[in-house]
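Enquirer: One structure, pasted below without further comment.
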Amino acid sequence: MESSPYQTHSGKISWILVFGFFFVCLSFSATEARRIHLTSEQQSQLAKANSVLVSVLALTEKGPTDSTLLLKTIAARLQELNYTVITDAAQPHDIEFKVKCEERKTWAGTSATGGDVELVDAPDRLWKGPACLLTYRLDHQDLDWKKEIRTSFADAGEAAKKANQADPGQYAMTHLNQRLAEYEFPILLSAEWGQVDRLLQLLDDPKTAKLRKVKILSVLSDIQAEEALPKLTKLLESTDLQQETINALAGAGIDSIPLLIDFFQTSKQSAIRAEAAKALGNVAAKTGDPRTIPPLVQYVSTVLPQIKTSEDINFPLLTEVVWAIGKLRWDSSFKPIGQLQEKVWLIFDNSKEMAELREATSWTYKQLDLDGHVS
């Protein structure tokens, strides 16, 4: 029995809606993937939070154990970002930071709602080894921010035996304490609470290690931090952090667009131009600002006539440009992307770089081809 035109049309529209929903979900950043919506009052409270009540629970297979060392490490890490640490629950405090460390992680089941479960430091329901769960509460309410650190070994008993340690529980706690000393939870919390000023102060501190600065720039790229633009602009003068800084500019919103375009068009370093293109794509996806795409399309149009073989292609740069163009539909993008798609498939090249460029081109072409979506 043939389907009616109405049924066919309805089916197409359904697929379009499903595709659109899937694309929107993929475009969310880690910061946007919250399980609980924060009210404006809660956001204001978090932004002003300074005194943090820290509570730590340490559990071994023998039962609760002394958590003094864990508490000392956590307090020292928070104080690095100038938070006032409170350990007495009877004392006034703005927020409570809770850490639960276990020799053998208790299975908590699957999450009832979406969120950041796919992130590297999100709780892993399959992990049964030593782990610490990090959460916080505002006015006694759990806002469902969860991070988890784990040891490199899954069995504390076996690991302690190999290390000639008699107490597996204490061995696990020692290694979890080392992870807490390394894991950048204070930076993640400051970003989560919208306290960009603390991040910028740490970024500006000459004593801050480069790796830590890279982490700060990484979280700034995920949040809307317009106030960070002046500091990021100044940091661009640092040649060893230019790529990370350009990526972080995406979090500064539309005010960063002229600066990103300038770097994309004038930088002599291909890696810098690629990062600028990536950042423009991220800004395009978040803001829908049409200024982000024309410079990228102009680049594709310029290099197209020069592409005869693989040797004529700057793969890292062109691939990032093509991905970025697909983040926001602009009518003039369709023709050059279509021409590029034809070229990359006609060139005989089975390299990984060409495969990645073909993937980016095909994906972007599909985003731009509205007629193809309803055919």
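The values are calculated or read from the model by the stated rules, or taken from the named source; none is laboratory data. Keep in mind that this is a model prediction, so the values were computed, not measured. When we count neighbours, we look across all protein chains shown, and the Cβ atoms used for this are built from the backbone with ideal geometry, even at glycine.
Enquirer: Return yes when Leu211 is crowded, with 21+ Cβ neighbours inside 10 Å, modelled with pLDDT under 80 and assigned by TED's automatic domain parsing to the domain that holds Ile254 and no when it is not.
Expert: no
Enquirer: Can you tell me which residues in the range 315-339 are polar (S, T, N, Q) and within 22 Å of Ser351 (Cβ to Cβ)?
Expert: Step one: list which residues in the range 315-339 are polar (S, T, N, Q), which gives 319, 332-333, 339.
Within the range 315-339, Thr319, Gln339 meet the criteria.
Enquirer: Then there's this: Can you tell me which condition Asp94 does not meet? The list is (1) buried (at least 20 other Cβ atoms within 10 Å of the Cβ); (2) under 27 Å from the mean Cα position of the chain (by Cα); (3) at pLDDT 95 or above; (4) of a type outside the set (A, V, I, L, M), and all the others hold.
Expert: It is condition (1) that Asp94 fails.
Enquirer: Pairs please, first residue from the range 298-310 and modelled with pLDDT under 90, second anywhere and of a type outside the set (Phe, Trp, Tyr), Cβ atoms under 6 Å, 6+ apart in sequence or on different chains.
Expert: none
Enquirer: Name the residues in the range 321-345 that are within 25 Å of the chain's Cα centre (by Cα) and among the charged types (D, E, K, R), would you? Let's see the steps before the verdict.
Expert: Of the residues in the range 321-345, the ones within 25 Å of the chain's Cα centre (by Cα) are 321-329.
Residues satisfying the conditions are Lys327, Arg329.
Enquirer: Give the range 292-345 a look and list any residue that's touching a Pro at 6+ places or on another chain (Cβ under 8 Å), closer than 26 Å to Ser256 by Cα and not in a loop (DSSP other than H, G, I, E, B), or say none.
Expert: Val297, Val300, Ser301, Ser332
Enquirer: Can you give me the number of residues within the range 149-172 that are part of a helix (DSSP H, G or I), buried (at least 18 other Cβ atoms within 10 Å of the Cβ) and in contact with a Pro (Cβ under 8 Å, 6 or more places away or on another chain)?
Expert: 4
Enquirer: Restricting attention to the range 346-375, which residues are assigned to a helix (DSSP H, G or I) and either among the hydroxyl-bearing types (Ser, Thr, Tyr) or more than 31 Å from the chain's Cα centre (by Cα) (or both)?
Expert: Once the filter is applied, which keeps residues that are assigned to a helix (DSSP H, G or I) and either among the hydroxyl-bearing types (Ser, Thr, Tyr) or more than 31 Å from the chain's Cα centre (by Cα) (or both), the range 346-375 yields Leu346, Thr361, Ser362, Thr364, Tyr365, Asp371, Gly372.
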